[in-house]
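Beneath this line is the structure, given in structure tokens, with notes to follow.
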Amino acid sequence: MFEQEYIREKKIKEIKLLGIDPYPSKTIKINYSIKKILKNKKKIIKNNKILYLSGRIFNIRNMGRSTFVDIKDYSEKKIQLYYNLNKLNKKYRYNKFYIFLFKKYLDIGDIIWIKGNLFITKVKEYTILIKKIILLSKCLYPIPNVKKKDKKIYYKFKDQEKRYRMRYLDLIVNEKSKKNFIIRSLIINYIRKFLNKFNYIEVDTPILQNIPGGAYAKPFITYHNKFKKKLYLRISNELYLKKLIVGGFKGVYEFSKNFRNESIDKIHNPEFTILECYVPYKNYVWMMNFLQKLLIYICKKTFNKTKIKINNINIDFKKKIKRIKLFNLINKYSKLNINKNTSINTLRKICKKLNINVDKKEKIIDNIFNIYCKNKIKNPVFIIDYPIYMSPLAKSKSNNYKITERFELYINSIEIANAYTELNDPIEQYKRLKKQNKKIDKDFIKSLKIGMPPTVGIGIGIDRLIALLTNNLNIQEVILFPQMK
RNA sequence: GACUUGGUAGCUCAGCUGGUAGAGCAUUACACUUUUAAUGUAAGGGUCCUGGGUCCGAAUCCCAGCCAGGUCACCA
């Protein structure tokens, strides 16, 4: 415990000696949020309304007998309080607690309730004259002091590690941080609203899975004692949602927490949120349009506009998103001149030149794409025409077996969404999974045998999308408690 | 996993080629009855991330480790 903590604990003891509970159990009366007060300030003054409100103290300015205090409440607005012993109700004027209120007992960070009237100070600041005050919660750990003048912020709390580990402090002190999470909530709600308009139903599928399928990633492994068997935290919910389409829903979606036992960086957290949505009787072309409509809807509802500045690039989601074939993109930037038929030997030669250490065809292409193209894609692009060996769960084009009906949406060099017309031929699906040399979810194949209508499915990286739309370069800024060692 | 930058007071940071640890805000005390980054005066507050090494002497140089940021790899 350090000096300031010790001092505050001492204050608590003194407060208790005065018969005041520093953590009272109270249902308190609140008739105005600060936001509401500021909105109706003229009316409130005119009618001399009595205000009951509570909030956290952010600044105390002692001026001899009078004191100015700034508090902020859940409405994220600040208001100034004015405290003067002589202006209190008579019964409080000789009360020791009130006499030393802001000189001794109350600190920055404390949560208080007050009763008072609104007035205007000499410098024309709307201020509440304190009539009565109750301490609701004493703050024992000094909160970082942030000061503002002319919208400039001084003395920030900005150590990233501390902000993530003590997110509660970050939320109290950094307005921008809290705003990110409010926007996150809004966006998720608007996505839900949009999908519900089409009567797609929101579902929950198992997080604990017998076989971690639907993607290729290292899973977290756990164990069921009674069954005496290993279970896996899902890396994807894809196969389950397809089973539900087999079951006959008009469309299903899930905000899926997925878990991947891999490293952490700006766009990866071990647990992350993917919106998976599956719609029968549609294909990937339909989905491209659907996704763009969704993006426009989100932006309009959340930001009231479709033009957004992201990482210094102006993006207008209303503009039709370009569709570019994967190999065209690669050849445009790399001049390698490869295509779906390029032999593995040729690809290996390229690898040697580029110092790429992978052997599988799909990984080679992915690496080449990352090296030459990824950083160049800033504006939204649908990358289409992925080769079959990169897409084991996607349906081939009817006129070209080697190319699948798949697209990925890239914005600001980040993969935001991945979608394809689902492969619903059980025999073909089994063949492709077999090639992967992985344990096959036979129940998934069985469901396909029963018959899945032609279906399109999409996965949208929610954390990434929200980071993007809030102009954050790191998803940790939009994950409340990012994983840390 | 590789490379790289950083870790000093509650917060934000300074600390040069090694010589007793600094500032602003915050805290404490005093003054001040309309301030708003309040002001003035004074005071307290440090395992300089941890452990070794070099040296008469290390926050500073060297080695190892821990934690974090960034870049890359892995993430079909």
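The values are calculated or read from the model by the stated rules, or taken from the named source; none is laboratory data. All values derive from a computational prediction rather than experimental measurement. Note that each Cβ is placed from the backbone with ideal geometry, even for glycine, and that neighbours are counted across all protein chains shown.
For the reader, a short list of remarks on this structure follows.
- The set of residues from the stretch A:51-90 being more than 10 Å from RNA strand B (Cβ to nearest atom) and free of Cβ contacts under 8 Å to residues at least 12 places away in the same chain comprises just one member, A:Lys90.
- Out of A:Ser256, A:Ser236, A:Ser263, sole residue that is closer than 24 Å to A:Ile414 by Cβ, hydroxyl-bearing (Ser, Thr, Tyr) and surrounded by fewer than 20 Cβ atoms within 10 Å (Cβ to Cβ): A:Ser263
- Qualifying residue in the stretch A:439-459 (condition: within 11 Å of RNA strand B (Cβ to nearest atom) and in contact with a strand residue (DSSP E or B) (Cβ under 9 Å, 6 or more places away or on another chain)): yes
- Restricting attention to the stretch A:233-272 and to residues that are β-branched (Val, Ile, Thr) and in contact with a Phe, Trp or Tyr (Cβ under 8 Å, 6 or more places away or on another chain), the residue that is nearest to RNA strand B (Cβ to nearest atom) turns out to be A:Ile235.
- Verdict on A:Ile133 being outside the structural domain of A:Glu254 (by TED's automatic domain parsing), away from RNA strand B (no atom under 16 Å from the Cβ) and either over 27 Å from A:Lys35 (Cα atoms) or modelled with pLDDT under 95 (or both): yes
- Residues being farther than 29 Å from A:Asn471 by Cβ and crowded, with 18+ Cβ neighbours inside 10 Å - total across the stretch A:212-233: 7
- A:Thr205 being free of Cβ contacts under 8 Å to residues at least 40 places away in the same chain, within 27 Å of the chain's Cα centre (by Cα) and closer than 23 Å to A:His268 by Cα: no
- Scope the stretch A:150-199; condition among the aliphatic types (A, V, I, L, M), surrounded by fewer than 18 Cβ atoms within 10 Å (Cβ to Cβ) and over 23 Å from A:Lys78 (Cβ atoms); matching residues: A:Ile188
- For the stretch A:91-108, filtered to residues that are in contact (Cβ under 8 Å) with a residue 60 or more places away in the chain and buried (at least 17 other Cβ atoms within 10 Å of the Cβ), the residue that is farthest from RNA strand B (Cβ to nearest atom) is A:Phe97.
- Of all the residues in the stretch A:444-485, those that are under 20 Å from A:Thr273 (Cα atoms), in a loop (DSSP other than H, G, I, E, B) and in contact with a helix residue (DSSP H, G or I) (Cβ under 8 Å, 6 or more places away or on another chain) number 9.
- Taking every residue in the stretch A:145-156 that is over 15 Å from A:Ile172 (Cα atoms) and touching a residue at least 12 places away in the same chain (Cβ under 8 Å) and pairing it with any residue that is more than 6 Å from RNA strand B (Cβ to nearest atom) and among the aliphatic types (A, V, I, L, M), at least 6 positions away or on another chain, yields no pair with a Cβ-Cβ distance below 6 Å.
- If you go through the stretch A:1-41 and keep only what is away from RNA strand B (no atom under 16 Å from the Cβ), assigned to a helix (DSSP H, G or I) and either more than 38 Å from the chain's Cα centre (by Cα) or under 16 Å from A:Ile112 (Cα atoms) (or both), you end up with just A:Lys16.
- For the stretch A:139-153, the count of residues that are under 20 Å from A:Ile15 (Cα atoms), among the basic types (Lys, Arg) and out of contact with any Cys (no Cβ under 9 Å at 6 or more places or on another chain) is zero.
- Selection from the stretch A:121-130 of residues that are within 8 Å of RNA strand B (Cβ to nearest atom) and in a strand (DSSP E or B): A:Thr127, A:Leu129
- Elements of type strands (runs of 3 or more DSSP E) contained in the stretch A:294-408, each with 2 or more residues being small (Gly, Ala, Ser) and on the phi < 0 side of the Ramachandran plot: none
- Test: residue in the stretch A:233-251 that is in a strand (DSSP E or B), more than 26 Å from A:Ile377 (Cα to Cα) and not basic (Lys, Arg): yes
- Verdict on A:Leu118 being of a type in the set (A, V, I, L, M, F, W, C) and over 34 Å from the mean Cα position of the chain (by Cα): yes
- The condition of being without any contact (Cβ under 8 Å) to a residue 60 or more places away in the chain and exposed (fewer than 15 other Cβ atoms within 10 Å of the Cβ) holds for only one of A:Lys376, A:Lys439, that being A:Lys376.
- Which listed residue, of A:Arg406, A:Arg348, is without any contact (Cβ under 8 Å) to a residue 60 or more places away in the chain and of a type in the set (Lys, Arg): A:Arg348
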